[in-house]
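J.: The structure that follows is given in the form of structure tokens.
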Amino acid sequence: MSLLSVENLSIGYQTKKGMLKAVDHIRFDLEEGDSLGFVGESGCGKTTIGMALMGLLPENAEILEGRIRFQGRDLVLLTEPQWRQVRGAKVAMIFQSAMNALNPVFPVDEQIKEAIVTHQPDISDADLSERMKQLFDLVDIPLARMKNYPHEYSGGMKQRAVIAMALACDPALIIADEPTTALDVIVQDQILREIKMVQQKTRTGLIFISHDIAVVASVCERICVMYAGQIVETGTRKEVFKSPRHPYTQTLLGSYLSLDNLKDIKVPDMKESPDQLTDTNECRFSGACPSCDRKCAGRSPEWIEISPTHQAFCCNPGLIRRGHGKN
Amino acid sequence: MLNKYFMLRFYKGWQIFIQNPLGKTGVIILGVFMVMAIASFFVPLIDPMYDPMTGIDPDIKLSTGPSLTHWLGTDNVGRDILAQLLEGAKVAFVVGLSAAFFSIVIGTLVGMIAGYAGGLLDASLMRLADIIMVLPSLVILLILASLFGQFNIWIIVFIIAIMRWPAVSRVIRSQTLSLKHRPFIEASRVAGASHVRIIFRHIMPNVLPLAFLYMTFRVTAAILVEAALSFLGFGDPSQVSWGMMLQWVWKSGHMFQAPYWLIPPGLCISLLTLAFYMLGRAMDEVLDPRLRKEGQSG
Amino acid sequence: MEKTDTKNRLLVELKQVTKAYAPKKRWFVRSSQPVLALNSIDLGIEHGEVFGLVGQSGSGKTTTGRLLAKLESPTAGEIYFDKTPISQLKGVRLKAYRSRVQMIFQDPYQSLNPHLSIAETVLEPLMVQGIGTRDTRMEKVVHTLDLVGLSPGEAFCHRYPHQLSGGQRQRVAIARAIVLEPQFIVADEPTSMLDATIAIQLFKLLQEIKETFGMTFLFITHNLAAARYMCDRIAVIHEGHIVEVNTAENIIRHPEHPYTKKLIKVQPGFKYGR
Amino acid sequence: MAKPGYILLKLVEVGIIFFVILTALFFLFRLSPGDPISKMVDPMLTPEDMAHLIQQMGLDRPMWEQYLIYVKNFFTGHLGVSFHYGEPVETIIWDKLKWTILLFTTSTVLAAFVGVFLGKIAAWHKGSRLDNVMSISALVCYTLFIPWFALLLLWILGFQWGLFPLGGVLTPALWISNAPLITRILDVLHHLMLPLLTLFVINLGSYLLLMRSSMLSVLSEDYILTARAKGLSEKVIRNKHAARNAALPVITSVGLSLAFSINGGALTEQIFTWPGIGKELIFAVSNNDYPLAQACFLLIALVVLCANLIVDLLYAWLDPRITY
């Protein structure tokens, strides 16, 4: 049985204009020790998924339907005290804004110890300091800096400390939400290696969320591409990047500037972002889709299997199976 | 300055504001006091006996309780308490609003200029603000009153305004500082706009809502200080005010005997300041983007 | 056509420019050493090229752009624009300089005054420069909005920034920068806050504008790939020093400075393996 | 935590501000109508005493010399002789200072602790009935007109119910009769109750509101989310992670709102005839006792500045980010 299995999950935000469906019938599985990346642009719902997996959705958000099965139980049904047993102990999170993720008035080591002591109240002092040493070694922070305050750390060190905090209780699943967005490329590279190395060493399940496809590609084995609250394509890293099938994935890859794909740049002609307020079964990408023909209009997309690990969500099976879009 | 966006924001803000129970209550209380202040102009016309300062009921020489001719009773020389109360409402509005207005104008200008200019000018203005800010305004007014004799109401208003601009200018300055390096201001500079244009066209519309907010708090402070000064006997002697009514009740030794005289003026001061403060709090909630943030996926 | 040497074709030249930021003062006393944002840099930008300045946050790249837009003044050294030193410009001559050099900023959510309509925003440079009459100005605004892809321009004139998406706002910012038809535009990370699909469209727009008006661009970015896509030549800046200047292709293919090499190595891409 | 540079800087700052106030006061006295001699020297004195005083204060010298002598006199503790008491004012005000400090510190500290505690609870339950009741009560407390509230307390608790004395600081009979120390302390506390209650209620409102809004802004910080993600209990998040950060700005505002509390303090002292500096100042001003008024004013300014200094140092000690 897989570590995490999300079935049919829908999450809505109550707004003045009505219910905004930020996550729309999502399903995915994650095996133990595996890594899964979510990639998509702002507003696609990827952060909401991360928050739902931590039970930390904001007050105006609501899980409309679906199940989140984790280690055999449904997280959607947990009460707040039950959640506290899970959070930090079994599922941990590395946040987007590491700069502000640490409390400025407490030393760093105290904040990490707190995570351990909360879940293992009877841990001995010796074990605790041993564990702290291990953690700081793991994330490459000199032990001498343990007792410093957050403002005495550089951006990269803060992010390492946040990683150490996430690892503190040896969780089975780590969710990393844009952990390197605020960092410079050189530090970003180090942190990404760090995350990957730690994940492989500890065999922790990893869900990695980012707007940057290349960043996701450098960490995760499997990728889910999201658009307007839905997963539109899922596959292994190789499948998604070497032979993207969904028109949106192709657009995303086509507009990504990297040092090795200058020739393949295709400037898309994207219009309005989709309306997520109305509840519809129709394809949400059709308004901006370069391959959309009249046949798509009014039809509901469906999952089309390209290989056992590679699927795309589209109305046009022919197009998806053929591969490279119109051309 | 009062452009379309401003009006739009004002309208939207007003809608949020009026739905807020604090804002609604504040507006209603203010309305009642407004009516009282307007009524004060007409009461002496009914009968000169109802003049708040000089109208003495010839039949009454002592303080008496409520009656048909004097709904709230009379003071120790036979003047009508209700008439004095109405007159006090007028004075409170005049003092509160004008002192607040002056301090807001000074505070906003100083804050914008200090924040925008920076450097030595900023440092000196803010140090001056710091010094004035730590001085208790009532104590200053007392010292000045002892040196220069009794003040008339406009000098009191002016001194309160002078004492109360620093807090405003601090807030406006920090807002200006955060605006100063916003790209839209810098873009305007790059286009060649003058400092005056930048201050009045780009910075002012963005700090005005905050200035209005602080104005409500300044009104509260001004009313309280003027009332306290009158209560201690240093108010404008030619002007009946709520603080002065309390002084009379206290000095004439009626405070334990005449609750009908003791309670109304203080209640009015407290309620009016409360109303302005409620207005301010409600406005704060309208202006604070944090409280309106809607959930957003990322 | 007379033969011109490289020196004459330079539009912008920085000579030993240093910029130091003084730490905050309290009671007119400085508490620590000044911070050097730029340490005596030399740089030349040729007529009609897109020049890339690539560096990490705190490297001094934004400072360079701000010095050129005369939002700040150098602590030492001199900047020449069209062979004229710009540090002493004042009054009318400064205003004239401003009409020739414009800037596009990073954050589309803060680069437009929320209180001004789109037309008022784009109109402002024309008004402060005193160009045209009321009617011709408006015509120019509409035309410029059409040009940056906000068409029909009339429809956008009376909207306010909060009614536009991030990409559209940045187009307005571009319109404001080009409405004076300047010779030189400093673009400071114009797309770093936008999604990749939007960013690439803006890049295309900037290229079109460059071809239409023949402007010279200074393109400031942290993203080496974006610089390579946009620029003719690239300078890599690190801790206030220019470490390497070369054509875009050569910088990527044959980097010489160790810092450039490192930067290229850590640039994320699709390397499928580890 | 040693931050000597910071402390030194603050001391210099306080020194400069005080000097400005001292100077401003000197010129105010000279600019006001009437000659300085009649302001600073009691006309009831014998000619010899008058001459002595004029000489000591340099009132017959040119303006700038007067100023230097004024500054020197201040630092050597010669502030003139009170018209009313006929004694050097410094001896009078030192005696009053202890009562003001007693009233002030107890009310401020009590109000700050209770206000911070209640504000924390109110913010935590934002939007609930409890929060509404607390916030509105706090608003009412904050905008109460102090003299009126004090008079009501005096009338109801003191006069009608006879629970507390109507004024003063001690029962004279008790002090003459050589009663044991504990009885005397209880007596002072008994007198303290009403003025303390007045100032406590007024200050409580502002601290509660401040803490509430500060707490609300801290609760939206990322590190609170991190704390939740660690699986910490709500109580730990509230009391350890949120409240400590939220209390910092409240501490700053204690210093800034001091001027406000001084106003209230003077009025309270006046109504309850509490023999403090505030009451003395009002007395001096009402009776044109200029030397006394000047001394009271300077002492109040000094107290305010010192309190601000203490608050700043407390802040620096609590916030690890401040280093100099």
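J.: Using label points projected 7 Å from each Cα along Cα→Cβ, tell me how many nm separate C:Thr75 and C:Asn39, to one decimal.
T.: 1.2 nm
J.: Gain in length, D:Asp60 to D:Val109, computed as 0.36 nm per residue apart minus the alpha-carbon separation, to one decimal in nm? Intermediate results must be reported in sequence, preceding the final value.
T.: Numbers: separation 49, 0.36 × 49 = 17.64 nm, distance 4.70 nm.
In short, 12.9 nm is gained.
J.: What list of whole percents do you get for P(r) of the protein assembly as shown, with Cα-Cα distances grouped in 10 Å bins up to the one holding the largest distance?
T.: Each 10 Å bin holds this share of Cα pairs: 2, 8, 14, 18, 18, 15, 11, 8, 4, 1, 0, 0.
J.: Continuing with the same structure: Is there a simple number for the mean count of other chain Cβ atoms within 10 Å of the Cβ of residues in A:41-47, and what is it?
T.: For this peptide, the per-residue mean of nearby foreign Cβ atoms is 4.
J.: To the nearest hundred square angstrom, how large is the accessible surface buried between B and D, total for both chains, probe 1.4 angstrom? Let's see the in-between values first.
T.: Working: alone 15740 and 17440 Å², together 28850 Å².
Interface between B and D: roughly 4300 Å².
J.: Can I ask one more? Round to the nearest 0.05 the FRET efficiency obtained for C:Tyr21 and C:Asp232 when R0 = 25 Å and r is the Cβ-Cβ distance.
T.: E between C:Tyr21 and C:Asp232, to the nearest 0.05, is 0.20.
J.: Using protein chains only (no ligands, no nucleic acids) and a 1.4 Å probe, work out which residues of segment D:139-158 have their accessible area cut by at least 50 Å² relative to the chain alone.
T.: The answer is D:Leu139, D:Thr143, D:Phe145, D:Trp148, D:Leu151, D:Trp155.
J.: Using only Cα atoms, tell me the angle between helix B:153-180 and the longest principal axis of chain B; keep it within 0 to 90° and round to the nearest 10.
T.: Roughly 20 degrees, rounded to the nearest 10.
J.: Tell me, Kirkwood radius of segment A:49-91 from alpha-carbon pair distances, in Å? Intermediate results must be reported in sequence, preceding the final value.
T.: Values: mean 1/r = 0.0928 Å⁻¹.
Averaging 1/r across every pair of different Cα atoms and inverting gives 10.8 Å.
J.: Taking all protein chains as present, what is the carbon and sulfur share of the accessible area of the protein assembly as shown, in % to the nearest whole number, probe 1.4 Å?
T.: Details: 30970 of 51540 Å².
Carbon and sulfur: 60 percent of the exposed surface of the protein assembly as shown.
J.: If you take every residue apart from D:Met215 with its C-beta less than 12 Å away from the C-beta of D:Met215, what net charge results, scoring Lys and Arg +1 and Asp and Glu -1?
T.: Working: positive: D:Lys120, D:Lys126, D:Arg212, D:Arg238, D:Arg244; negative: D:Asp131, D:Glu221.
That works out to +3.
J.: If the cut-off is 17 Å between C-alpha atoms, which aspartates and glutamates fall inside it for D:Lys72, apart from same-chain ones fewer than 8 positions away?
T.: Leaving aside aspartates and glutamates fewer than 8 places away in the same chain, those within reach of D:Lys72 are D:Asp60, D:Glu90.
J.: Under 18 Å Cα to Cα from C:Lys95, which aspartates and glutamates show up? Leave out anything in the same chain fewer than 8 places away.
T.: B:Glu186, C:Glu72, C:Asp82, C:Glu124, C:Glu181
J.: Now a separate question. Count neighbours as other Cβ atoms within 10 Å of each site's Cβ, and list the trypsin sites (Lys or Arg not before Pro) in segment A:100-159 that are DSSP loop with at most 15 such neighbours. Don't jump to the answer; show the numbers that get you there.
T.: Working: sites: A:Lys113, A:Arg131, A:Lys133, A:Arg145, A:Lys147, A:Lys158; in loops: A:Lys147.
Listed in order of number, the matching sites are A:Lys147.
J.: Here is a further query. What residues of segment B:254-281 lie in the reach of a label at B:Lys24, counting those whose backbone N is under 15 Å from a point 7 Å from the Cα along Cα→Cβ?
T.: Only B:279 pass the distance filter.
J.: So how compact is segment B:18-291: Cα radius of gyration and Dmax in angstrom?
T.: My reading of the Cα-based Rg and Dmax gives 22.1, 78 Å.
J.: Using a Förster radius of 35 Å, what is the FRET efficiency between D:Glu48 and D:Ala173 based on their Cβ-Cβ separation? Nearest 0.05, please. Before the final figure, lay out the partial values.
T.: Values: r = 41 Å, r/R0 = 1.17.
That pair, D:Glu48 with D:Ala173, gives E of 0.30.
J.: Still on this structure, please answer the following. Within 10 Å of each candidate Cβ there may be at most 13 other Cβ atoms; applying that plus a DSSP loop requirement, which chymotrypsin sites (Phe, Trp or Tyr not before Pro) in segment B:1-80 survive?
T.: Numbers: sites: B:Tyr5, B:Phe6, B:Phe10, B:Tyr11, B:Trp14, B:Phe17, B:Phe33, B:Phe41, B:Phe42, B:Tyr50, B:Trp71; in loops: B:Phe41, B:Phe42, B:Trp71.
Within segment B:1-80, the qualifying chymotrypsin sites (Phe, Trp or Tyr not before Pro) (loop, at most 13 other Cβ atoms within 10 Å) are B:Phe41, B:Phe42, B:Trp71.
J.: Something else now. Compute the Cα gyration tensor for segment C:60-211, then decide on rounded, prolate or oblate, letting a ≥ b ≥ c be the square roots of its eigenvalues: rounded whenever a/c is under 1.5, prolate when a/b is larger than b/c in the other cases, and oblate in all that remain.
T.: oblate
J.: Continuing with this model, one more query. Run the numbers for D:His125 and D:Glu234: contour at 0.36 nm per residue of separation, minus the present Cα-Cα distance, in nm. Show your work: numbers first, answer last.
T.: Numbers: separation 109, 0.36 × 109 = 39.24 nm, distance 1.18 nm.
Taking 0.36 nm per residue and subtracting the Cα distance, the gain is 38.1 nm.
J.: Then there's this: Considering only protein heavy atoms, what is the solvent-accessible area of B:Asp122 at a probe of 1.4 Å, reported in Å² to the nearest 10?
T.: 20 Å²
J.: Among residues other than C:Arg100 whose Cβ falls under 14 Å from its Cβ, what is the net charge (Lys/Arg +1, Asp/Glu -1)?
T.: Working: positive: C:Lys70, C:Lys83, C:Arg93, C:Lys95, C:Arg98; negative: C:Asp82, C:Glu181.
In short, +3.
J.: Taking square-rooted eigenvalues a ≥ b ≥ c of the alpha carbon gyration tensor, is chain D rounded, prolate or oblate, where a/c under 1.5 means rounded and, failing that, a/b exceeding b/c means prolate?
T.: Details: a/c = 2.60, a/b = 1.55, b/c = 1.68.
Because a/c hits 1.5 or more and a/b fails to exceed b/c, chain D counts as oblate.
J.: Which of A:Lys158/D:Lys235; C:Lys210/C:Lys261; A:Lys201/C:Lys265; A:Lys17/B:Lys12; A:Lys266/C:Lys204; C:Lys70/C:Lys90 have a Cα-Cα distance over 18 Å?
T.: Numbers: A:Lys158/D:Lys235 26 Å; C:Lys210/C:Lys261 30 Å; A:Lys201/C:Lys265 24 Å; A:Lys17/B:Lys12 15 Å; A:Lys266/C:Lys204 10 Å; C:Lys70/C:Lys90 11 Å.
Exceeds cut-off: A:Lys158/D:Lys235; C:Lys210/C:Lys261; A:Lys201/C:Lys265.
J.: Are there GluC sites (Glu not before Pro) in segment C:196-274 that DSSP puts in a loop and that have at most 16 other Cβ atoms within 10 Å, and which ones?
T.: Here the sparse-neighbourhood loop sites are C:Glu239, C:Glu256.
J.: Right, another one. For the protein assembly as shown, what does the helix formula give at 222 nm: sum of -39500 (n - 2.57) over DSSP H segments with n ≥ 4, over the residue count, nearest 500 deg cm²/dmol? List each step's numbers first, then the result.
T.: Working: 48 runs with 656 residues, N = 1223.
When only DSSP H runs of four or more count, the value is -17000 deg cm²/dmol.
J.: With label points built 7 Å along Cα→Cβ from the Cα atoms of B:Ile162 and B:Gln150, find their separation and express it in nm.
T.: Going from the B:Ile162 label point to the B:Gln150 one covers 2.1 nm.
J.: Work out the FRET efficiency for C:Ser192 and D:Arg30 from their Cβ-Cβ distance, taking R0 = 56 Å, and round it to the nearest 0.05. The partial results should precede the final answer.
T.: On the way: r = 62 Å, r/R0 = 1.11.
That pair, C:Ser192 with D:Arg30, gives E of 0.35.
J.: Moving on to the next point. Output the 0 to 90 degree angle, nearest 10, between the alpha-carbon long axis of helix D:63-75 and the longest principal axis computed from the alpha carbons of chain D.
T.: Computed tilt is about 60 degrees.
J.: Obtain the nm distance between the two label points defined at C:Arg134 and A:Thr278 by a simple spin-label model: each point lies 7 Å from its Cα along the Cα-to-C-beta direction.
T.: Spacing of the two 7 Å Cα→Cβ label points: 4.3 nm.
J.: Ok, one more. With angles folded into 0 to 90 degrees, how steeply does helix D:290-318 sit against the dominant principal axis of chain D? Use alpha carbons for both and round to 10.
T.: Approximately 30 degrees, to the nearest 10.
J.: Just order D:244-256, C:223-235 by mean Cβ neighbour count inside 10 Å, highest at the front, would you? Show your work: numbers first, answer last.
T.: Values: D:244-256: 19.5, C:223-235: 22.4.
Descending mean neighbour count gives C:223-235, D:244-256.
The values are calculated or read from the model by the stated rules, or taken from the named source; none is laboratory data. Treat the numbers as computed from the prediction; the structure is a model and nothing was measured. Reconstructed Cβ throughout: ideal geometry from the backbone, glycine too, with neighbour counts over all protein chains shown. For accessibility, only protein heavy atoms count, side chains too; no ligands or nucleic acids. Shrake-Rupley method; radii C 1.70, N 1.55, O 1.52, S 1.80 Å.
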